[in-house]
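Participant: One structure, as structure tokens, below. Some questions next.
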Amino acid sequence: MDAAPATLVLLVRHGQTPTTGRELPGRAPGLHLSDRGWEQAGQVAERLCALPVDALYASPLERAQETAQPASRALGLPVAVEPGLLEGDFGAWTGRSLAELNALPEWEAVQRRPSTFRFPGGESFAEMQDRMGAAVDRLRAAHEGGTIVCFSHADPIRLHLARELGTPLDAFQRISVAAGSVSAISCAAGRDPVVLTVSSTSASLADLVPS
């Protein structure tokens, strides 16, 4: 019996916004890319042109949709909205500054024991990881043997990378994913995933081959 063909899954973190590195915007609407974010979106589109992309998917939030727009134009593909790629639900922490949150006693759990933490009135990290994983698995299966691009957010991408790497949830904070970066995973049914690159911002994508 022939092995299932591998699918190349590219995870793109949206470009910079006016709050990047300063606030926890979560799912609050109305946050758009900054000028630098639009530059990053254009760079992502140029890099994706080196690959035979089959489909584009994006979180419903404006910053992810905007990051996907240049790629949509360059590749001639529509962007499908995928709720599973959505940013985490940070509940009562939505919109608060990172400096303020860093001072809270709960921040230690976020950084050191995220498997035990639930955002007040929002998701747990485990739920976020499961949601993201289910979405990517479904999209991969729908494009078996092809190449798909998923525009999402920092924590969902880092949590999914941890899952595919076999990294414990409590260690996922050790993974860094830059704004406008591309991470790539080769996935095939019945085989362990292979993480090909993490947080790439400049290298050519032409050599990425599902394995």
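Participant: Determine which single condition S183 fails, assuming it passes every other condition in (1) farther than 19 Å from G88 by Cβ; (2) part of a strand (DSSP E or B).
Facilitator: (1)
Participant: For region 39-83, what are the residues that are closer than 22 Å to R138 by Cα and acidic (D, E)?
Facilitator: Within region 39-83, D54, E82 meet the criteria.
Participant: Go through region 90-111 and give me each residue that's assigned to a helix (DSSP H, G or I) and in contact with a Pro (Cβ under 8 Å, 6 or more places away or on another chain).
Facilitator: G91, A92, W93
Residue-wise test of (1) under 27 Å from S34 (Cα atoms); (2) hydrophobic (A, V, I, L, M, F, W, C); (3) out of contact with any Ser or Thr (no Cβ under 7 Å at 6 or more places or on another chain).
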| position | (1), (2), (3) |
| --- | --- |
| S124 | no, no, yes |
| V149 | yes, yes, yes |
| H153 | yes, no, no |
| L165 | no, yes, yes |
| V198 | yes, yes, no |
| T201 | yes, no, no |
| A206 | no, yes, yes |
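Participant: Residues A103, A71: which one is within 20 Å of the chain's Cα centre (by Cα) and at negative phi?
Facilitator: A71
Participant: Another question, if that's okay. Could you tell me how many of the residues in region 68-89 are over 19 Å from A135 (Cα atoms) and either open to solvent by less than 50 Å² (accessible area, probe 1.4 Å) or assigned to a helix (DSSP H, G or I) (or both)? Full working, then the answer.
Facilitator: Of the residues in region 68-89, the ones over 19 Å from A135 (Cα atoms) are 69-77.
So of that shortlist, the ones also either open to solvent by less than 50 Å² (accessible area, probe 1.4 Å) or assigned to a helix (DSSP H, G or I) (or both) come out as 69-75, 77.
Final tally of qualifying residues: 8.
Participant: Could you tell me whether A171 is farther than 24 Å from F125 by Cα and over 16 Å from the mean Cα position of the chain (by Cα)?
Facilitator: no
Participant: Out of all the residues in region 156-174, which are open to solvent by 60 Å² or more (accessible area, probe 1.4 Å), part of a helix (DSSP H, G or I) and either aromatic (F, W, Y) or touching a residue at least 40 places away in the same chain (Cβ under 8 Å) (or both)?
Facilitator: Within region 156-174, D170 is the sole residue that qualifies.
Participant: Name the residue, out of G21, G26, G42, that is surrounded by fewer than 21 Cβ atoms within 10 Å (Cβ to Cβ) and outside any helix (DSSP H, G or I). Lay out the reasoning, then the answer.
Facilitator: On the way: G26 fails: surrounded by fewer than 21 Cβ atoms within 10 Å (Cβ to Cβ); G42 fails: outside any helix (DSSP H, G or I).
Step by step, each of G21, G26, G42 is checked, and only G21 is surrounded by fewer than 21 Cβ atoms within 10 Å (Cβ to Cβ) and outside any helix (DSSP H, G or I).
Participant: Any residue that is of a type in the set (A, V, I, L, M, F, W, C), touching a Phe, Trp or Tyr at 6+ places or on another chain (Cβ under 6 Å) and closer than 22 Å to A92 by Cβ - is there at least one of those in region 157-168?
Facilitator: So the first thing to find is which residues in region 157-168 are of a type in the set (A, V, I, L, M, F, W, C), and the list is 157, 159, 161-162, 165.
Restricting the remaining residues to those that are touching a Phe, Trp or Tyr at 6+ places or on another chain (Cβ under 6 Å) gives 159, 162.
Then drop every residue that is not closer than 22 Å to A92 by Cβ, which leaves 159.
Looking through region 157-168, at least one residue is of a type in the set (A, V, I, L, M, F, W, C), touching a Phe, Trp or Tyr at 6+ places or on another chain (Cβ under 6 Å) and closer than 22 Å to A92 by Cβ.
Participant: Check V149, V177, V136 and return the single one that is open to solvent by less than 40 Å² (accessible area, probe 1.4 Å), assigned to a helix (DSSP H, G or I), in contact with a strand residue (DSSP E or B) (Cβ under 7 Å, 6 or more places away or on another chain) and under 24 Å from V81 (Cα atoms).
Facilitator: Values: V149 fails: assigned to a helix (DSSP H, G or I); V177 fails: assigned to a helix (DSSP H, G or I).
Only one candidate qualifies: V136.
One line per residue, one yes/no per condition, for (1) in contact with a Lys or Arg (Cβ under 7 Å, 6 or more places away or on another chain); (2) at pLDDT 95 or above; (3) at negative phi:
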position	(1), (2), (3)
F151	no, yes, yes
L161	no, yes, yes
A179	yes, yes, yes
S183	no, yes, yes
A189	no, no, yes
D207	no, no, yes
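Participant: Considering only residues that are in a helix (DSSP H, G or I) and either modelled with pLDDT under 95 or open to solvent by less than 10 Å² (accessible area, probe 1.4 Å) (or both), which ones fall in region 112-133?
Facilitator: Correct list: P114, F125, M128, M132, G133.
The values are calculated or read from the model by the stated rules, or taken from the named source; none is laboratory data. All values derive from a computational prediction rather than experimental measurement. Heads up, the Cβs are rebuilt from the backbone with ideal geometry, glycines too, and the neighbour counts pull from every protein chain shown. Keep in mind that these areas ignore ligands, DNA and RNA; they rest on the heavy atoms of the full protein, side chains included. Shrake-Rupley method; radii C 1.70, N 1.55, O 1.52, S 1.80 Å.
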